[in-house]
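What follows is a single structure, written as C-alpha cells, with notes after it.
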Amino acid sequence: MLAKVCSAAVNGIEAFPVEVEVNAGWGDTLIVIVGLPDAAVKESRDRVSTALSNSGFKFPMGRTTINLAPADVKKEGPSFDLPIALGIIAASEQLETDQLDNFVTVGELALTGAVRPVKGVLPVALRAKAEGKVGVLVPADNAAEAAVVDGLQVIPIQNLREAAQFLEGEIRIAPTKVDLRAVFEQTWNEELDFADVKGQESVKRALEIAAAGGHNAILLGSPGTGKSMLAKRLPTILPPLTLDEALETTKIHSIVGLLAAGQALVTRRPFRSPHHTASDAGLLGGNINPTPGEISLAHHGVLFLDELPEFKRSVLETLRQPLEEGRVTISRAAGTMTFPSEFMLIAAMNPTPDGKMPGESRCSPREIQNYLGRISGPLLDRIDLHVEVPAVKFREISAERTGETSAQIRERVVAARRRQQERFKERAKVTCNARMGTRELKQHCELDETAKGLIQFAMTDLNLSARAYDRILKVARTIADLTGSERIVPDHVSEAIQYRSLDRQIWG
C-alpha cells in the first residue's frame, strides 16, 4: 500500500514542501530511501524502525521504499523521522486517517518513540500556511516557535504514538497559542545599561548617533578605556524589533538551532561578537551546504569586531558586499544561497601597535601606518563614524553620579528613527539614514553656504578624503533628526566632521 505524508525542508532561510511517499511491498525485508537523502536522513531507517517497535507498531515485512520528493533537491537532517514513521504505519494499514494531507509534519525520533526538536520550524510553519495547510505537527519544544504564524493550527507532539492517535481522532491535542503582545512586552535586560559607564560622554553621544541613523562605527582607544563595555551596551538603545524584523531574525536563528526550547521569537536585537580568529566561512556562512554565518546572525542587530586589525585581511574584505547591500550571497557546489545581513558594524581597535595614542606612542610613523593599513580603504569607506575613546579620568571613575540610562537615550533614538521612517516611507529599501543612496542624499541633505564651506574646509585644510563627503552628510542628517530639525545646519555638519579621525593625516 502507498501512503503520502506532507513535510518540508529548509533551503537558505526559506522552506520548501517535501512529499514523503512510502510504499510497503513484497519481497525481502529491506528499507530503501531515495530522493537525495544525506547521511542523517539515511540513518533514519534504524531510528524509525526501533521507534516503531518501542511504540507498539509492527514494522512491515517486505521491501519498503521511501521517496522524498522533489527528488532533485538534497534533503538534510533528522526532521523527516516523524513523517517517515507515520508514512510507514499508514502504508502498512496500522493508521487509518484522511488528515495526512492537511498537516505538515516534522520531527526527529528517539529510539523510544519520543519526538525531539529540530531546526528551522518557523520557516516550515510559514511555508505550511502559504501552501494552505490546516496546521503543522511539530515537536513540543518547537511549538511556540511555529505558533507565531497566525491562522495555523500548531499541534505539539510528544511521541510517535500520540501523533498517530491524534491523526486517527482518538485523542484531541489543543493547538499551541502564543500571545505576541506579551512576548514583545518582556522587560529589558537590566544587567547592561549605559548608566553603568562612568565618563565617556562624547563616546556615548557618538553611539547614540550611530543607533539613531543605523551607522557603522569604529572605536579607537588604548586598552582599558571601555571600548568593549560601550559596544556591548549599544543594543540597549536601539529601537525595538518590529514583528516583521523579529520573524526574519528568528528564521535565521531557528535554522542555525540557536533558539531555546519553548522560545517563540527573538525579540531583542542580536549582538554577535566573533573572535578575531574567525574564518570567512564562519563570518559570512558557508560550509559544503551553505548556512548562515555571524553577519546573518547579526541581522537587524549589531556585529562587534574587537581588535579589528587582528582579523585576517581576507576575512575583513568579505564584509564589503554585505555592508553595502544588506545581504550576502554564497556560492558552493551544492548551490547558491542568499542570506540577509543588514547589521550595524561596530569595530574596536588600538590607535597604534603599542596601544597608545599617536602623540604618546613610541612607534614610528611607518609602523603606525602599517598597523592602520591592515584595514583597507574600501572597508573604511563603509564606516561612518570614527570615534576616539580617551582614557577615563580618576574623578570620573570615583564619582557617584551616573549618566543617562539606556532607556532615556533609547527614547531619543526611537524618535529619530520615526522621522526617518516617515521620510523614507516611499522607499522600501531605505530603512534609515545610513542606507541613503545618491538620490536620497540630494533630496534630504541640502546644505546652506555656511555648511558647504565647513565641508570644503574639512576636505582641504584637514586633509579629509573625498570618500568622507557622503558619510559626513549622512551623519549630519542623523544629528539633525536627533534635534528634531528638518534642516541641516552648520552645527550638525561640524559635529559630523569630528567623526572622521582616520581620514586625517595625524594618523599616519
Rounded to whole Hz, the Karplus (6.51, -1.76, 1.60) HN-Hα couplings of the stretch 480-485, x for glycine and proline:
5, 5, 5, 8, x, 9
Amide H proximity to V104 below 5 Å, modelled H, separation 5+ or other chain, gives G135, V136, L137
Computed over the chain: longest principal axis from alpha-carbon atoms vs helix 201-213 long axis, angle to nearest 10 degrees, is 50
Using a Förster radius of 60 Å, what is the FRET efficiency between M61 and S331 based on their Cβ-Cβ separation? Nearest 0.05, please.
0.85
Please compute the net charge surrounding I237, taking Lys and Arg as +1 and Asp and Glu as -1 over other residues with Cβ under 12 Å from its Cβ.
+4
Using the crude model of +1 on Lys and Arg Cβ and -1 on Asp and Glu Cβ, and no other charge, please compute the dipole size for the chain relative to its Cα centre, in debye to 20.
960
Let a ≥ b ≥ c be the square roots of the eigenvalues of the Cα gyration tensor of the chain; is it rounded (a/c under 1.5), or, if not, prolate (a/b larger than b/c) or oblate?
prolate
Descending accessible area (1.4 Å probe), largest on the left, turns F59, F311 into F59, F311
Determine the calculated [θ] at 222 nm for the chain from helices alone, applying -39500 (n - 2.57) to every DSSP H run no shorter than 4 residues and normalising by the residue count; nearest 500 deg cm²/dmol.
-10000 deg cm²/dmol
Looking at the chain, send over the antiparallel percent of its DSSP beta bridges, to the nearest 5.
45
Please label the shape of the stretch 141-270 as rounded, prolate or oblate, based on the square roots a ≥ b ≥ c of the eigenvalues of the alpha-carbon gyration tensor (a/c under 1.5 means rounded; beyond that, a/b larger than b/c means prolate, else oblate).
prolate
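Assigning unit charges at the beta carbon (Lys, Arg +1; Asp, Glu -1) and nothing else, what dipole magnitude in debye, to the nearest 20, does the stretch 218-289 show about its Cα centre?
Numbers: 7 positive and 4 negative charges, 65 e Å.
Around 320 debye, computed over the stretch 218-289.
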With a cut-off of 15 Å, note down the residues of the stretch 131-150 whose backbone N falls inside the zone around a label point 7 Å from the Cα of Q165 toward its beta carbon.
none
Binned Cα-Cα distance frequencies in the stretch 287-393 - 5 Å width, integer %
2, 11, 18, 20, 17, 12, 8, 6, 3, 1, 0, 0
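So, by mean Cβ neighbours within 10 angstrom, what's the order for 325-332, 487-494, 100-107 with the highest one leading? Intermediate results must be reported in sequence, preceding the final value.
On the way: 325-332: 15.6, 487-494: 18.5, 100-107: 23.8.
Result, highest mean Cβ count within 10 Å first: 100-107, 487-494, 325-332.
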With Cα coordinates, the longest principal axis of the chain makes an angle with the long axis of helix 81-91, in degrees rounded to 10, of 20
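What's the lysine pair count for the stretch 132-252 at a Cα cut-off below 15 Å, pairs eight or more apart or interchain?
On the way: K198/K227; K198/K232; K204/K227; K204/K232.
Close lysine pairs under the 15 Å cut-off: 4.
How high is the FRET efficiency between L180 and E446 when r is their beta carbon distance and R₀ equals 30 Å, given to the nearest 0.05?
Values: r = 41 Å, r/R0 = 1.36.
That gives a FRET efficiency of 0.15.
Of R374, R172, which has the most accessible area with a 1.4 Å probe, and how do the rest follow in descending order? Don't skip to the answer; put the middle values down first.
Numbers: R374 105, R172 200 Å².
Sorted by accessible area, descending: R172, R374.
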So, taking all protein chains as they sit and a 1.4 Å probe, how much accessible area belongs to M459, in Å² rounded to tens?
60
Taking N as the number of residues in the stretch 110-171, the ratio of its alpha carbon radius of gyration to 2.2 N^0.38 Å works out to 1.10
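With the Cα gyration tensor of the stretch 349-434 giving a ≥ b ≥ c as the square roots of its eigenvalues, does the rule (a/c under 1.5 for rounded; else a/b larger than b/c for prolate; else oblate) give rounded, prolate or oblate?
Details: a/c = 5.58, a/b = 1.34, b/c = 4.15.
Note, shape of the stretch 349-434 comes out oblate.
Could you put I255, I89 in order of accessible surface area, largest first, with the 1.4 Å probe and the full protein assembly present?
On the way: I255 25, I89 0 Å².
Reading off the accessible areas and sorting them downward yields I255, I89.
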So for the chain, taking the charge dipole from beta-carbon charges (+1 Lys/Arg, -1 Asp/Glu), which of L247, V34, N159 sits furthest toward the positive end?
L247
May I ask you to derive the relative contact order of the stretch 140-232, considering only C-alpha pairs under 8 Å and at least 6 residues apart, and to give it as an integer percent?
20
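Taking the Cα centre of the stretch 1-118 as origin and charging only Cβ (+1 Lys, Arg; -1 Asp, Glu), how large is the dipole, in debye to the nearest 20?
On the way: 9 positive and 15 negative charges, 59 e Å.
Dipole of the stretch 1-118, to the nearest 20 debye: 280 debye.
The values are calculated or read from the model by the stated rules, or taken from the named source; none is laboratory data. The structure presented is a predicted model; accordingly, all values stated were derived computationally and were not measured. No Cβ is skipped: glycine too gets one built from the backbone with ideal geometry, and neighbour counts run over all protein chains shown. Areas reflect the complete protein model, heavy atoms only, side chains present, ligands, DNA and RNA absent. Shrake-Rupley method; radii C 1.70, N 1.55, O 1.52, S 1.80 Å.
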